[in-house]
Structures are given as structure tokens and as C-alpha cells.
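S.K.: For reference, the structure I am asking about is given below.
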Amino acid sequence: MRDFAPNHYERAFENWLRDNHIQYIAVDEQKRATFARSRIKTFDFLLYPPNGQIIITEVKGRLFKGTTLAKLTGLECWVTTEDIDGLTGWQKVFGPDHQVIFVFAYKAENVDVDFDGREVYDFAQNRYIFFSVELDDYRKFMKRRSPKWQTVTLPADKFRRCAVQMQALLL
């Protein structure tokens, strides 16, 4: 595991990748300035799952404060317009053979959570669940969240429609 991973969400996701034998390249936070010359916001990981697809990945960590995932409610899925623009730029650079996704890494805040049969990942005394949303789906359904903070989000029904648990995408 990288000692320089910027936050526990990315560290948890990277450990999940290792535990599930998914090959990947992590973009070193300290070397991201090299990418800055391209004027495109960098991403977090390149994933190489067994199906041969190459996946450009941006990890977004969020707290899940609810008590059940039965209806996938209470899951924050906002991103910045800079995130959208950055991933769109990388999609153009890498081409159509590469899939581009957001990974929403939710840390369960409550002790007693009904995960509704979804896989939970234990890491560093916390429980996480990972969902992915393809960039194209996100762009299609996103709504402005905050003009001041330049954030967008998916309406809950669209998130439920587009979100895929990582295991289904990669394994």
C-alpha cells in the first residue's frame, strides 16, 4: 500500500484492489504536478481487471450516516465540475477503449448497518462499501448542486439506476 495515499478512502480502495487481485497503477499524489502541465486534473487509479478493460478511476470518499442500504438512499454522490472536466479530458486523451468511472467509497458511520446483502470491506477498523458510476452516465444525469462551490450531483433515482457495486464491475 502507498504510504502517500492522500486519504483513508483511497487507502481502503487500494487495499480492496489488492485483496481482490485487481492490477492497478496509483497516481502518486506527490507527482501529480507532472500531470499538471497537461492542465487536466489528474485521476487516482488506472485499473486493469481480468476482463482486459482499462479503467480510469477517480475515488470520492463520503460518509454513510444511515442504517440501511436497502433502497440506496442517503448516499451523497456530489463531485466538482473540475472532476467532471478532468475525467472528460482524460477520456479524450486515452480514447474510447478506456472506461472512465467515479468510485464512491462510503465509510459506514453507524455500528449497526443493514448492508442489504452488499459486500462490505473492513479496513483500519472501519467498514466501507464501494460503488462506481460511469462518467458518461454521470454527465447525462447530473444536476447542479452548488454554483458557489461548482459542484454537481446525481438525483437519488439516477444514482440508484447508474451505481454498480465494484465487485460487479471488476470481478
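A short reminder: the numbers here are calculations on the coordinates, not readings from a lab. Predicted, not measured: the structure shown is a model, and the values here were computed from it. Note that we place each Cβ from the backbone using ideal geometry, even for glycine, and neighbour counts take in every protein chain shown.
S.K.: Which of CYS77, CYS162 has the fewest other C-beta atoms within 10 Å, and how do the rest follow up to the most? Could you put the intermediate results ahead of the total?
M.R.: Working: CYS77 24, CYS162 19.
Fewest-to-most Cβ neighbours within 10 Å comes out as CYS162, CYS77.
S.K.: While we're here: Using a 10 Å cut-off around each Cβ, can you sort GLU14, GLU109 from fewest to most neighbouring Cβ atoms? Don't jump to the answer; show the numbers that get you there.
M.R.: Numbers: GLU14 20, GLU109 13.
Fewest-to-most Cβ neighbours within 10 Å comes out as GLU109, GLU14.
S.K.: Can you find, among ALA124, THR88, ASN110, the residue sitting farthest towards the positive end of the charge dipole of the chain, where Lys and Arg contribute +1 and Asp and Glu -1 at Cβ?
M.R.: THR88
S.K.: Give me the lysines in straight-line cross-link reach of LYS107: C-alpha distance below 25 Å, same-chain residues under 8 apart excluded.
M.R.: LYS41, LYS60, LYS65, LYS71, LYS143, LYS158
S.K.: Further question on the same structure: Calculate the spin-label point distance for THR68 paired with ARG139, positioning each point 7 Å from the Cα along the beta-carbon direction, and give it in nanometres.
M.R.: That separation, rounded to one decimal, is 3.7 nm.
S.K.: If r is the Cβ-Cβ distance from ARG18 to ALA168 and R0 is 22 Å, what FRET efficiency results, to the nearest 0.05?
M.R.: Values: r = 19 Å, r/R0 = 0.86.
Efficiency for this residue pair is about 0.70.
S.K.: Projected onto the charge dipole of the chain (+1 at Lys/Arg Cβ, -1 at Asp/Glu Cβ, origin at the Cα centre), which of LEU17, GLY52, ILE101 gives the Cα projection farthest towards the positive end?
M.R.: Most positive-ward Cα: ILE101.
S.K.: Of all DSSP beta bridges located in the chain, what percent are antiparallel, nearest 5?
M.R.: Details: 24 of 36 bridges.
The antiparallel fraction comes to roughly 65 percent.
S.K.: I've got another one for you. With an 8 Å Cα cut-off and a minimum separation of 6 or more residues, compute the relative contact order for the chain in percent.
M.R.: Working: 290 pairs, mean separation 36.9, N = 171.
Relative contact order, the chain: 22 percent.
S.K.: So, in nm, how far is label GLU109 from label THR88 when the simple model puts each one 7 Å beyond its Cα toward the Cβ?
M.R.: Once both label points are built, they end up 3.2 nm from each other.
S.K.: Ok, one more. Where the only charges are on Cβ atoms (+1 Lys, Arg; -1 Asp, Glu), what is the dipole of the chain about its Cα centre, to the nearest 20 debye? Spell out each step's value before the answer.
M.R.: Working: 25 positive and 23 negative charges, 142 e Å.
Rounded to the nearest 20 debye, it is 680 debye.
S.K.: Still on this structure: What is the P(r) of the range 87-155, as percent of Cα-Cα pairs per 5 Å bin from 0?
M.R.: Going from the shortest bin to the longest, the percentages are 3, 13, 18, 17, 16, 16, 13, 4, 1.
S.K.: How big is D, in µm² s⁻¹, for the range 13-171 by Stokes-Einstein at 4 °C and 1.567 mPa s if Rh is the Kirkwood radius over C-alpha pairs?
M.R.: On the way: Rh = 16.4 Å.
Translational diffusion coefficient: 79 µm²/s.
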